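Okay, structure first, notes after.
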């Protein structure tokens, strides 16, 4: 394995984060803090407990997951799209760097950024609401697994997109709505039976439910099912990336 190539790609992508610190880190943290202020402190104080947890604390895992999903996709998609846009992707494809090494470099950097962001938001949330983490190891595991999985998904979007508009299409039109409808701000058990069954077709439900379980020990879906669904989605993304490099889809055209 070419560790030098992986390191070069990883450090280049991470350096872009430090150059755009306001957009990469500060902006998502400020936006999420506003959610804590409005929903956690202002509105949350007037809402009854959910599953025995104060509403402000209940939405902490959901808001962190919302940021992780969107930032993982955005970072990975933009990271691989820019070499395509500038034409430097051909230099990478002709270099002695395998597809696996390329993916590890780009996806590793995108996931690292999301994990850093999620950690900052977790610390920031303590300023607004009191919460506990019952299963810290599982919390870290879900955080890392989600960041890597959706960075892989973002990598696919970055290769698929042929314009900056398409780069934002799936995150804005599909991922964000699914996240808001995936139990980030409520428990799906609060829905009528029919809509509870419909919600189970939303993959984000399993991510939020599993992540919330690591905090409070309560979940809308069995923890094993949440973990299994996340791994299935990761496998699907890996399969998609394997097919892209095998066929050269939108890489060699």
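No value in this document is a laboratory result; all are computed from the given coordinates. Everything numeric in this text was worked out from a predicted model, so none of it was measured. A quick note on method: Cβ atoms are made from the backbone with ideal geometry, for glycine too, and the neighbour counts reach across all protein chains shown.
With 0.36 nm allotted per residue and the present C-alpha distance subtracted, the residue 38-residue 235 stretch has 67.2 nm of extension available. All C-alpha to C-alpha distances of the stretch 111-253, sorted into 10 Å bins beginning at zero, yield P(r) values of 11, 35, 35, 16, 4, 0 percent in whole numbers.
For residue 15 and residue 47, what does the FRET efficiency come to when R0 = 51 Å and r is the distance between their Cβ atoms, rounded to the nearest 0.05? The value I calculate is 0.75.
Helix 223-247 and the long axis of the chain differ in direction by around 20°, with both axes built from C-alpha atoms. In the chain, the longest principal axis of the Cα atoms and the axis of helix 203-216 are about 60 degrees apart. Dimensions of the stretch 1-147 from C-alpha coordinates, computed as largest minus smallest value along each principal axis and given longest first, are 59, 29, 18 Å. Using a Förster distance of 22 angstrom, determine the FRET efficiency expected from the C-beta separation of residue 2 and residue 93, and round it to 0.05. For R0 = 22 Å, the calculated efficiency reads 0.95.
Taking each residue as 0.36 nm, the span from residue 126 to residue 194 lengthens on full extension beyond its C-alpha to C-alpha distance by 20.9 nm.
What does the C-alpha gyration tensor say about the overall shape of the stretch 110-181? Classify as rounded when a/c is under 1.5, otherwise prolate if a/b is larger than b/c, or oblate. It comes out prolate by the Cα gyration axes. Using C-alpha pairs under 8 Å with a sequence gap of at least 6, the mean separation divided by the residue count of the stretch 3-247 gives a relative contact order of 26 percent.
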